[in-house]
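**Q** Quick one: the structure is below, questions incoming.
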Amino acid sequence: MGSKNKLKRFKQNDRFKNVIQPSRTEIIEGVFPFKGSWREHFQNSHPIVIELGCGKGEYTIELARRNPSKNFIGMDIKGARLWRGAKTALEENLTNVAFLRSQIELIDSLFGPEEVDEIWITFPDPQIKFKRTKHRLTNISFLEKYKRILKCGGVINLKTDSEFMHGYTLGLLQGLNLDIIYANHDVYKNEGSPEEVLDIQTYYENQYLDKGKPITYIKFRVQ
């Protein structure tokens, strides 16, 4: 994407009412106004579901279409990508969708304790190299952050094309004796996966499938 297109999208994000872009200083100093008040943004008391690393927002948008009685927040640091999802939501008048541009490692400074009902992690970078362990979105540090913002009994969904990420996460969860609700190492070959796992396919997921890569899925709780 050319720099002119990126700048155009950044400017449009500034005007989109469904895009929230807090500064890092605002978050670190604890003055981000939406923390603990996301239901006020949506003007209802519906459950809150967040997608981490949402990219163009394909999963966030489709989940919102299917579940009008839930609020969905797609989170990504790349504004030019989430612009697509934000624009689609506005065009379709999806009032139960918002997009949050920020770093995922700040998640527990962006949401209040027990404010979130469910988390989706879709096709994250597996960060295979040992030195990149701290960036894996299912490492112990991130699991602790998720635990702080999730309601008691809240669930996390991990859908990935990375067999490494699947195995790493499954082993970690078993080692921590956490509640693994469901796990499948190839969702399209083995029966039992939820509809939203099978029926929603992103652009990149279709590319992985064309290459014959299995798509894996884990649903679990951290408390």
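Computed from the coordinates by the stated procedures, all read-outs in this text should not be read as laboratory data. Just so you know, these numbers come straight off a predicted model, no measurement behind them. Quick reminder, even Gly has a Cβ in these numbers, built from the backbone with ideal geometry, and neighbours come from all protein chains shown.
**Q** For segment 27-110, state which GluC sites (Glu not before Pro) are in a DSSP loop and have at most 15 other beta carbons lying within 10 Å of their beta carbon.
**A** On the way: sites: Glu29, Glu40, Glu51, Glu58, Glu62, Glu91, Glu92, Glu105; in loops: Glu29, Glu92.
Hits after loop and neighbour filter: Glu29, Glu92.
**Q** Suppose R0 equals 45 Å. What FRET efficiency, 1/(1 + (r/R0)^6) with r the Cβ-Cβ distance, do Leu7 and Glu191 give to the nearest 0.05? Let's see the in-between values first.
**A** Values: r = 47 Å, r/R0 = 1.05.
With a Förster radius of 45 Å, E is 0.45.
**Q** Further question: Which of the aspartates and glutamates could a cross-linker span from Lys211 if the Cα-Cα distance has to be under 13 Å and same-chain partners fewer than 8 positions apart are dropped?
**A** By straight Cα distance, Lys211 reaches Asp161.
**Q** Please work out how much length the chain gains when fully extended from Ile28 to Asn67, using 0.36 nm per residue of separation minus the C-alpha to C-alpha distance, in nm with one decimal.
**A** Working: separation 39, 0.36 × 39 = 14.04 nm, distance 3.25 nm.
So the extension gain works out to 10.8 nm.
**Q** Classify segment 114-186 as rounded, prolate or oblate, taking a ≥ b ≥ c as the square roots of the eigenvalues of its Cα gyration tensor: rounded when a/c is under 1.5, otherwise prolate if a/b is larger than b/c and oblate if not.
**A** Details: a/c = 1.65, a/b = 1.38, b/c = 1.20.
Prolate, because a/c is 1.5 or more and a/b exceeds b/c.
**Q** A further question follows. Counting other Cβ atoms within 10 Å, which trypsin sites (Lys or Arg not before Pro) in segment 155-213 have at most 13 and lie in a DSSP loop? The partial results should precede the final answer.
**A** Details: sites: Lys159, Lys189, Lys211; in loops: Lys189, Lys211.
Taking segment 155-213 and a limit of 13 other Cβ atoms within 10 Å, the loop trypsin sites (Lys or Arg not before Pro) found are Lys189, Lys211.
**Q** While we're looking at this one, here's another question. Quick check: from the Cα gyration tensor, does segment 78-219 come out rounded (a/c under 1.5), prolate or oblate?
**A** Numbers: a/c = 1.43, a/b = 1.07, b/c = 1.33.
Note, shape of segment 78-219 comes out rounded.
**Q** When a/c is below 1.5 the answer is rounded, else prolate if a/b is larger than b/c, else oblate, so apply that to segment 30-157 with a ≥ b ≥ c taken from the square roots of the Cα gyration tensor eigenvalues. Each step should come with its number before you reach the end.
**A** Details: a/c = 1.73, a/b = 1.27, b/c = 1.36.
Oblate shape, in that a/c is at least 1.5 and b/c is the bigger or equal ratio.
**Q** Summing -39500 (n - 2.57) over the DSSP H runs of n ≥ 4 in the chain and dividing by its residue number, what mean residue ellipticity at 222 nm do you reach, to the nearest 500 deg cm²/dmol? Please report the intermediate quantities before stating the final value.
**A** On the way: 9 runs with 80 residues, N = 223.
Taking each H run of at least 4 residues, the total per residue is -10000 deg cm²/dmol.
**Q** When a footprinting reagent is the concern and you count Cβ atoms within 10 Å, what order do Leu178, Leu94 take, fewest first?
**A** Details: Leu178 15, Leu94 19.
Neighbour counts put them in this order, fewest first: Leu178, Leu94.
**Q** For helix 79-91, report the angle its Cα long axis makes with the longest principal axis of the Cα atoms of the chain; keep it between 0 and 90° and round to the nearest 10°.
**A** The angle comes out near 70 degrees.
**Q** Please name whichever of Pro126, Asn18, Ala64 sits farthest to the positive end of the charge dipole of segment 1-156, dipole taken about the Cα centre and charges placed at Cβ: Lys and Arg +1, Asp and Glu -1.
**A** Checking the options against the dipole of segment 1-156, the answer is Pro126.
**Q** List the pairs from Lys8/Lys213; Lys11/Lys129; Lys35/Lys129; Lys78/Lys131; Lys147/Lys213 whose alpha-carbon separation is above 28 Å, in the order I gave them. It would help to have the intermediate numbers written out before the result.
**A** Numbers: Lys8/Lys213 35 Å; Lys11/Lys129 36 Å; Lys35/Lys129 33 Å; Lys78/Lys131 23 Å; Lys147/Lys213 31 Å.
Table pairs above 28 Å Cα-Cα are Lys8/Lys213; Lys11/Lys129; Lys35/Lys129; Lys147/Lys213.
**Q** Please get the size of the charge dipole for segment 34-102, origin at its Cα centre, with Cβ charges of +1 on Lys and Arg and -1 on Asp and Glu, quoted in debye to the nearest 20.
**A** Approximately 140 debye in magnitude.
**Q** Using DSSP to call loops (not H, G, I, E or B), can you name the trypsin sites (Lys or Arg not before Pro) in segment 101-132 whose Cβ has at most 11 other Cβ atoms within 10 angstrom? If you can, show how the numbers build up before the last one.
**A** Values: sites: Arg101, Lys129, Lys131, Arg132; in loops: Lys129.
Here the trypsin sites (Lys or Arg not before Pro) that fit, given the DSSP loop and packing criteria, are Lys129.
**Q** In the chain, what % of DSSP beta bridges are antiparallel (nearest 5)? Before the final figure, lay out each step's value.
**A** Working: 10 of 32 bridges.
Percent antiparallel among DSSP bridges in the chain is about 30.
**Q** Once each part is reduced to its C-alpha centroid, what is the distance from segment 178-210 to segment 85-134 in angstrom?
**A** What the calculation gives is 19 Å, centre to centre.
**Q** Give me Arg65, Arg24, Arg15, Arg136 ranked fewest to most by other Cβ atoms within 10 Å of their Cβ, as a rough exposure proxy.
**A** Details: Arg65 16, Arg24 11, Arg15 7, Arg136 20.
Lowest to highest Cβ neighbour count: Arg15, Arg24, Arg65, Arg136.
**Q** Against the longest principal axis of the chain, how steep is helix 140-149, in degrees 0 to 90 to the nearest 10, with axes from Cα atoms?
**A** For 140-149 against the chain, the angle is about 50 degrees.
**Q** Let me ask you something else. Which of Asp125, Asp161, Asp76, Asp199 comes first, and how do the rest follow, when ranked by fewest Cβ neighbours within 10 Å? It would help to have the intermediate numbers written out before the result.
**A** Working: Asp125 13, Asp161 18, Asp76 23, Asp199 10.
Exposure proxy ranking, most exposed first: Asp199, Asp125, Asp161, Asp76.
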